[in-house]
1. Taking N as the number of residues in region 54-113, what is its Cα Rg relative to 2.2 N^0.38 Å?
2. Give the calculated FRET efficiency between A377 and D147 to the nearest 0.05, with a Förster radius of 45 Å applied to their Cβ-Cβ distance.
3. Positive end of the dipole of the chain, charges at C-beta (+1 Lys, Arg; -1 Asp, Glu), about the Cα centre: which of P128, I188, G422 has its Cα farthest in that direction?
4. Give the long-range amide H neighbours of M386: residues separated by 5 or more places, or on another chain, with amide H under 5 Å away, using H modelled in the peptide plane at 1.01 Å from N.
5. Put +1 on the Cβ of every Lys and Arg and -1 on every Asp and Glu Cβ in the chain; which of A235, G355, P163 then has its Cα farthest towards the positive end of the dipole?
6. So if each residue of separation counts as 0.36 nm, and I subtract the Cα-Cα distance between Q274 and N186, what length gain in nm does that give?
7. How do the peptides 152-161, 335-344 rank, highest first, by the average count of neighbouring beta carbon atoms within 10 Å per residue?
8. Stretch E46-E324 to full length: gain in nm at 0.36 nm per residue minus the Cα-Cα span?
Amino acid sequence: MRIAALLLAVPGQLLAQTMNAPPAPIDRLPGAGRAVAVEAHAARREALMDRIGKGVILVRAASLRDGEREVLQDNDFRQDDYYFYLTGIEAPNSWLVLTADGPDHETTLYLPERDPAGERWTGKKLGPGQDAVSLTGIKDVRALEVDSFANVVKQIIVESPGPVYANWVSEGAIVGLDGDRTGLLNVIPIIDSMRVVKDSAELIALRRAIMITAEAQRAAMAAARVEMYEYQLEATIEYTFRNLGADRVGFPSIVGSGPNSTILHYDVNRRQIQDGDLVVMDIGAEYGQYTADVTRTIPINGRFSDRQKAIYNLVLGTQQAAIESVRPGLTLRDVSQVARRYMSEHSGNLCGSEGCNKYFIHGLSHWLGMRVHDVGAYSMPLEPGMVFTVEPGIYIPEENLGVRIEDDILVTEDGYQILSDGAPRTIEDIEELMQSGDRPKTDGGG
Ligand code: GLY
Ligand code: MN
Ligand code: MN
């Protein structure tokens, strides 16, 4: 019921993608991931080629990670963000080559041939062929033979109508295919400036990650009990993520109670939570390569004390003032100043004569997208399609009292939209959910 209600509250595009939608077509299109928003990705490639005018862009996919060398926390593969931004596919060890010569644009995708023996270990992969053309909308898909590809690239570099750019950086320098410094330019800052403004396909994934995360906050609120361990709340949260189809966590879940509520990035989550404690839950599901970042602070026993209420409402008021100021043309610095001013003017005697800003020890905002602290300059004026967090907090270690409230905000033509409002935020709504014990429905798929 709850999920149906949530879906009714979201824009039309999302209604097509219900939580109970059948699994994405991963079996039909082996090893590539979910269906690709073909037009959106083509538009990004075109925009990027327009930006460089003349030249070649080499975009390398990520490789499978090696479980013998690394401690893999989730899958053995997560696509390179730049490659994903331009292709939408999860194919490892592949390359995208974009060539721009004024208005003439060429796009070529190089995919490794399929390896049936290897696929017994790794699962099916997308190979060159019609499946890849249909999935990506890229008509020129070629087999990647690494040796001959190196020669192809050398030839491309020689024949390029302009500079050659690449998306990988090693030891502070852009390094060529053979490890030599071939004078490649770094394309990352150009793509970063595009990534700050999300298109509608990106917003679909981001909204879904955020909806899942809001449901996890609700599930944790309903499950919270005195003397449970922080990891048990974490388990409820991450169960909900996966049960609703999230791919992984966007960052390690922060579940900090009592003294740990004052540690900003506490993610050990091993303490037993005591009666009277607040718990800061700063969590984000990743879906389709995009991550949410939503924090709620709850009283483990279901009722805020008077002191906790006073601090909580100051943080909430600060957040609300900052959010309400959001509109195109401002910068994140402007929004942060609104928050600081509000907190300073409304601290009263809550934190002593200096006011509570001295306990608000981090920045107010960061961009959100494929990374929790997403790319892009913080000085950019806000534009419709930008997404960022607003997350004031007050942390008083001498009282074991930490409060952070964090929401994900989309800039719209005339203001803002709170994407994470599926998670209760006021004292009244949090206490009501915790008292009701109304556990949200968490079955779903897709
Ligand atoms: N979850 C990390 C942060 O809020 O910045
Ligand atoms: Mn954040
Ligand atoms: Mn956060």
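Nothing in this text is a laboratory measurement; each read-out follows from the coordinates by a stated rule. Just so it is clear, the model here is predicted, and its values are computed rather than measured. FYI the Cβ positions are ideal-geometry reconstructions off the backbone, even for glycines, and counts take in every protein chain you see.
1. It is 1.35.
2. After rounding to 0.05, the efficiency reads 0.70.
3. G422
4. Correct list: K198, V411.
5. So the residue we want is A235.
6. Extra length from Q274 to N186 when fully extended: 26.6 nm.
7. Most protected by this proxy first, the peptides run 335-344, 152-161.
8. Here the segment from E46 to E324 would lengthen by 96.6 nm.
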